[in-house]
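See structure below.
Every number in this text was worked out from the coordinates using simple rules, so none of it is lab data. Not measured: the values here are computed from a predicted model. Glycine also receives a Cβ, built like all others from the backbone with ideal geometry; neighbour counts cover every protein chain displayed.
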Protein chains: 2
Amino acid sequence: MTTDLFDKHRATLDRAIEACRSRESWTAFGESPADHPGGERARAEGRTAFEALLGRPFDLGGPGAPVAQPDEVSPYTGEPLGVCYPRADVEELFAAATRAWPRWREADQRTRAGVCLEICERIYLRSFEFSHAAMHTAGQSFGMSYAGSGTNALDRGIEAIAQAYAAMSRVPGTARWSRAFGSTTVEMTKRYRLMPKGVAVVIACASFPAWNVYPALFASLVTGNPVIVKPHPGSVLQMALAVRVCREVLAEAGFSPELVGLAVDTAAEPVTKLLVRHPATRIVDFTGSAAFGSWVEANAFPAVAYTETSGANSVLVHSVGELQPVLRALAGSLCLFSAQMCTSPQNIYVPRGGVPTAGGTVSAADFAAGLAEAVQAISTVPRRAAAVLATVQSPNTLRLLEEVHDRAAARGRIVLEPRPYRHPDHPKARTSGPLLAQVDIADHDLYGEERFGPVAFVIDCDDADQALERATRDARERGAITAFAYATDEAYLDRVEAGYATAGAAVTCNLTGPMPLNFSAAYSDYHVTGLNPAGNASLTDDSFVTGRFRVTQSRRPAVTGH
Amino acid sequence: MTTDLFDKHRATLDRAIEACRSRESWTAFGESPADHPGGERARAEGRTAFEALLGRPFDLGGPGAPVAQPDEVSPYTGEPLGVCYPRADVEELFAAATRAWPRWREADQRTRAGVCLEICERIYLRSFEFSHAAMHTAGQSFGMSYAGSGTNALDRGIEAIAQAYAAMSRVPGTARWSRAFGSTTVEMTKRYRLMPKGVAVVIACASFPAWNVYPALFASLVTGNPVIVKPHPGSVLQMALAVRVCREVLAEAGFSPELVGLAVDTAAEPVTKLLVRHPATRIVDFTGSAAFGSWVEANAFPAVAYTETSGANSVLVHSVGELQPVLRALAGSLCLFSAQMCTSPQNIYVPRGGVPTAGGTVSAADFAAGLAEAVQAISTVPRRAAAVLATVQSPNTLRLLEEVHDRAAARGRIVLEPRPYRHPDHPKARTSGPLLAQVDIADHDLYGEERFGPVAFVIDCDDADQALERATRDARERGAITAFAYATDEAYLDRVEAGYATAGAAVTCNLTGPMPLNFSAAYSDYHVTGLNPAGNASLTDDSFVTGRFRVTQSRRPAVTGH
C-alpha cells in the first residue's frame, strides 16, 4: 500500500521538484471548479457534506470530547457554525503524537512522501466541501476559497513536500569509505539515517489558514515528525477537515492517525503558549500577528520556529505610461479579499508634484481620486464586490478600521469612506469597502505599521526616491512581505529592486492586467524572506525544510571482498 | 582577479561538492607534512615565522591598539606567548564589519567561493607556522596541529564552502513564468537574489578551535556575511593568523579586510555575551561548554545560533573476537590529545559477568587491567606519549581531573592513576596520562556528565543491553557526539545503531586498527546531529548553511518577443 502511494504520485513529485528548480508556472490541480474531476455532482455533494457538518460533533477518532466552538461564527451569516470539535487536553495530544511517532520516524522518505501526496489529492477531491468550510470561517469568496485556500494552498503544500524530499534525497543512505592510515588502508561502510526532530506544532491564522498550514504541516510530516495543528479559534473547520483527511490516509497506510492531531482552543482560553512551550515541542510554525510572532520566535527555544507575521506593504509610483490600467490593478489589489492578505498593499506613495504619465502629469489628488473611482467600480457593485471583496473575517477588523478612519480624518483627507456593500446572497454578511486616506509622508504614525483589513493610504512624498527610502526603511525595521513599483525609468526600477532586496520584501514592477498584483505562485514566488520582522521563514526555500530532520550515522569496518 | 580565483579553485570546489554527495574519502590537501609543496624550507620558515610573532604586536591593520594577552600561555613551555593583539572595541568591530558589507553582499557566489577557497589554500601553504601556533595554544602535538587542526580542519572548511555553494546554486538567478488568467496569458520575468543575513559571530574553543571555526567562518563568509571571530582568550594565535589571511586575501580581491574581524578578550573581561546579544548580530556559531552553549542557544535570538558543545561519549562492549586489538584501539582513543576532543570516549560499559572473546570470557576486572596496560604502553613511553597525548591545554583540566579522581577513589576502584609524563622536548610541558576508574552503573553521578580531559570510566553493568539503555538515555538527555560498540552479535549491533540513531550520536562499530576510533572525516562523517544537548548544528548538513542567506525576488511583466 505505502509504496503504491509513492508510485501513484511519483510523477507529481518529480514535476514539483523540477518546478521548484526552474521556478516556472505549474500546478498540480486545476484552480477552476470547472476542472474538478467530480463535476457538478462533486459540487453538490460538497455543499451537502459541508452542511452536514454544522451543529454537530466533529468526529476525529482521537482524544477529547466534543464541545461546541463558541468563536466560530460565519462572516456570511453571522450565525455560529455550531460544530463541536474534540477538546483534547494538551498533554493527551502530545502523548498520542509521541506514541504514534516511532513507526512513522522509521518509514523511509518515499513512503512518507507517498502518504503526504495522497493526503493532498484527497483534500483536492473534496475541494467543494473544503471551500464552503473556508468561506464560512475565513470569510473568503467561493472562488478564493476554492483556488487560493484550495488548489493554490495545496500547491504550496506540495512544494514543501518536494523541497523536503529533494533535501532528504541529497543524503545518501550508505557510503563506502577507504583511506590509508600509514601503510594500512582502512575501509569502512557507513550508513546515514534521516531522523526527524520531534513534535511539530502548527499555529494557524484566521483569514487564510490553509496557505501556511499546508506547507508547514507537510514539511514536518514528510520529514517524519508528528504534527499538532492549532487552528485559530474563530476559523477551525477547514483545518479540522484537513486534519481528518491526514488521519484517514495515515491509518489506511498502516500508520497511527495520531501522527496528526488537532488542538482546538477558544479566544477565552487559548492554548498556543502551552503548545509552543511544551517540553516535547521541537518545531513551531506560526502565522499570525507580528506581536505574537515575535513572542513565538523568542520563546520557542529549544524548538525551532518558522514564522510569518505581517507588514505594511508599499506601492511606489514614480511614473507610468497609461494611468488607468495602473489604477485598476491597484484597486483590484486593495479590494481583493478586503485586503486581509499578508501580501495586500497598504501604503501608496505618490509624488507631491504629481505622476508623469503618457497623457501628462496627474496630480496626487487626481491620482487618489482616480484610485477611489477604480475601487468603487468594484466595491459598490454587489456581484463584483461579493466575488472580490468577499467578507471581513473578524468584527475586530471593523473596529480597528473605524479607529484608523477617525485618526486619518483628523489628520489627512478621507478620499474614500469604507462603506459596507450588501452581499447579494448573504444579506447579513460582514462587509466593508476599502478606506482610502490621503496623508503626508510625515504622518508616519498613521501608515508606519500594518492596519489589517481594507485600509490604504495615498502618501504624498517629495519624490519617488524619498518614498523608496521611507518604504524600504519601514520594511527593514517593521516588516513587509511585498512591494510594488510603477516607473518608466529603468534606473529607478533598478534602485527599487536593489532597495527591496536588502529590505527583504518581494517587489513586483509595472504589473497591470488580469493577474492580481499580490498573487504569489507556488514553486515560483518565494513568499517572505526572513530578512525583516514580517517573518523568519520563506515558502519554500531550503532553510524551511532542512531544519526539520537530522542525519545520524553509523560506520563499521567493511567486510573485505564485498 | 576575483573570477580568476573561482577558476583557479573550481576543480577543488567541484570535487568537494561531489565528495559531500558520495561521502567517500577525499582531502584537498595532503595531511602529512612530507607532502607540503614547500618542503623542508617551508618547515623551517614556518617555525621562524611563528617565533617572530612572539612577544610583539600582532598587526591586523584594523581597529584596536595592541595589548599583551594575559591568558595565552604555552602548555609546552609554561611561558606567556606575549603576542599583543589589537584589542578592538566591540562597537568598532561591528561598525567596521557593517561598513565593509555591501560590496561583499553584492558579489556573486562564484566570486565569494573563489576568495574563500584562496584563503584555505593560503592557510595550507602556511601550515607550519599555523601548526606551531596551534601547538603552543591548544597544546596539541605537532602532528595533530598539522593534520587535525590544519588540513583536516581546512577540509571541514572547504566542505562548508561546498555545501553552501551547492545550496546557493539551487536557486536560479532568473526565471520566465507564464500563466493564463482568464483568457489572457500573463508572462513575467523573475529575478532571485541571494541575500546574506548580516554580521556573523564565531566563538571558538581553546583546545581545537580551527576544526569548528573554519566551517563556521566559511559558511557565513561564502554566503555573504561579514564575520567576527572571537577566539578563546587562552588560545588566540592560530585564529588571529587565520583572520589575518582572510583579511589579506579579501583586500587583494578588492574587498574590505574588515569583512573578517577579530575580537580578543580576556578571561577577566569576556565579551562573548556582548557579541551574541549585539543588535546587529544575525548569526552565531559557538563551540565550548554545554552550559555556555545552552545560554547561547537561548539568548542569541534574533540571531540564529549553531552550537557544538560536549557530551559524555560511550563505548559498549558486548563481545569481541580478539581482545587485544580492541584494547589497543580504545587505549589509543583515550590517549589521543589526552581525550580533550569532543569525540573522545569516556564511559566504557563492560558486563559484570565478563566479555566473551574468542579466547574465552574475560572478566570485567581483567578487561580494565588490560585496558590500563594498553594505555600505559602509550602514556608511559615519553616519545609515544608526546606524539599521542601531547599536553593538557588548561591548568583547570588538571584541577578537575584531581576532583574526579578523589570522588572515584572514594567510590570505585582506580585502575590507572593519571600520572604526568615527561615530554622529551619540553620538560615543562603540562601533561597527564589518563585516569581510569572502574565504577558501577549505579554511580551515575560520577560518569553521567562529561569530564573534560583524560578521564575514562570502566562501568560494570548487568549486560550490554542495560548499557545501551543507559548510554543512549544519557546521550538523549545530556548530550553525546560519538559512541562506540564492540559485538560479534549482529542483532545487538542493529539495536545499537537504532538506539544511537534516535539518541543522536554517531556510532562506530567494531573498529580496530590504525584509524583513531574518533577520527571524523570531512565530506563523509556528519559531526554532531543536533538531536541532543551536545549541539544543535551538524558539520556539514544543509541546515548548517541554508539559514545563512535568504532569497529575495523581483518580477516584472516580460517584454513580449524576448
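What to note about this one:
- Across segment A:423-434, coupling constants 3J(HN,Hα) worked out from phi with the 6.51/-1.76/1.60 Karplus curve, θ = phi - 60°, read 5, x, 9, 10, x, 8, 4, 7, 10, 7, x, x Hz, and Gly and Pro carry x.
- Only Lys, Arg (+1) and Asp, Glu (-1) charged, at Cβ; segment B:42-91 dipole about Cα centre in debye: 200 debye
- Cβ charges +1 (Lys, Arg) and -1 (Asp, Glu), total dipole of segment A:7-280, debye: 1260 debye
- Net charge of Cβ neighbours under 9 Å - reference A:Pro63; Lys, Arg +1; Asp, Glu -1: -3
- Counting DSSP beta bridges with both ends in chain B, the antiparallel % (nearest 5): 45 percent
- Set against the 2.2 N^0.38 Å expectation for a compact globular protein, chain B has a Cα radius of gyration ratio of 1.01.
- Shielding by partners, peptide B:158-169 (average Cβ within 10 angstrom, other chains): 1
- Take each residue in B:183-190, count the other chain C-beta atoms within 10 Å of its C-beta, and the mean is 4.
- Backbone N within segment A:315-342 under 19 Å of label point (7 Å from A:Asp463 Cα along the Cβ vector): A:316-321
- Note that the protein assembly as shown shows a convex hull volume over its alpha carbon atoms of 170 Å³ per residue.
- Other copies of A:Pro424: label-to-label distances in nm, shortest first, labels 7 Å along the beta-carbon direction: 9.7
- The phi torsions of segment A:480-488, fed into the Karplus equation with coefficients 6.51, -1.76 and 1.60 and a -60° offset, translate into couplings of 7, 9, 10, 8, 9, 9, 10, 7, 8 Hz, rounded to whole numbers, with Gly and Pro shown as x.
- Its DSSP H runs of at least 4 residues, each contributing -39,500 (n - 2.57), put the calculated 222 nm mean residue ellipticity of chain B at -13500 deg cm²/dmol, to the nearest 500.
- Rg over Rh [alpha-carbon atoms, Kirkwood Rh] for segment A:78-187: 1.22
- Across peptide A:98-106, the mean count of Cβ atoms from other chains lying within 10 Å of each residue's own Cβ comes to 1.
- Packing, as the average of other Cβ atoms within 10 Å across residues, places the peptides B:342-352, B:223-233 in the order B:223-233, B:342-352, highest first.
- Ellipsoid semi-axes for segment A:313-509, based on the Cα gyration tensor and the rule √(5λ), read 26, 18, 15 Å when sorted largest first.
- Label point 7 Å beyond Cα along the C-beta direction, distances from A:Gly448 to other copies (nm, shortest first): 5.3
- Length added when fully stretched, A:Glu40-A:Asp366, from 0.36 nm per residue minus Cα-Cα: 112.7 nm
- Annotation: amide H-H contacts under 5 Å for B:Phe286 (H modelled 1.01 Å from N, sequence separation of 5 or more, or interchain): B:Ile203, B:Tyr306, B:Thr307, B:Glu308.
- Cβ-based net charge around A:Val115, under 12 Å, with every Lys or Arg adding one and every Asp or Glu removing one: 0
- Globularity ratio of segment A:7-280, using Cα Rg and 2.2 N^0.38 Å: 1.10
- Each DSSP beta bridge with both residues in the protein assembly as shown is either parallel or antiparallel, and the antiparallel ones are about 40%.
- Spin-label proximity, A:Glu449 to segment A:325-347 - amide N less than 17 Å from point 7 Å beyond Cα toward beta carbon: A:346-347
- Under-5 Å amide H pairs with A:Arg550, H placed in peptide plane, nonlocal only: A:Met195
- When B:Pro557 is represented by a point 7 angstrom out along its Cα-to-C-beta vector, the spacings to that point in the other copies are 7.2 nm, nearest first.
- Taking Lys and Arg as +1 and Asp and Glu as -1, the other residues whose beta-carbon sits under 15 Å from that of B:Val83 total -4.
- For B:Val415, the residues whose modelled amide H falls within less than 5 Å of its own, excluding neighbours fewer than 5 places apart on the same chain, are B:Leu436, B:Ala437, B:Gln438.
- Separation of the alpha carbons by more than 28 angstrom is noted, of B:Lys197/B:Lys273; A:Lys190/B:Lys273; A:Lys8/A:Lys273; A:Lys273/B:Lys190, for A:Lys190/B:Lys273; A:Lys8/A:Lys273; A:Lys273/B:Lys190.
- R0 of 45 Å, Cβ-Cβ distance B:Glu477-A:Asp489: FRET efficiency to nearest 0.05: 0.15
- Relative to its residue count, segment B:451-516 spans a Cα convex hull of 107 Å³ per residue.
- Stretchable slack from B:Ala11 to B:Thr48, in nm (0.36 nm times residue separation minus alpha-carbon distance): 10.0 nm
- 3J(HN,Hα) couplings calculated from phi for segment A:94-101 with the Karplus curve 6.51 cos²θ - 1.76 cosθ + 1.60 (θ = phi - 60°) are, in sequence order, 5, 5, 5, 5, 5, 5, 6, 5 Hz; Gly and Pro show x.
- Selected from A:Ser235, A:Ala206, A:Ile119, residue furthest toward positive end of dipole (chain A; charges at beta carbon): A:Ile119
- DSSP-loop GluC sites (Glu not before Pro) across segment A:389-466, with at most 16 other Cβ within 10 angstrom: A:Glu449
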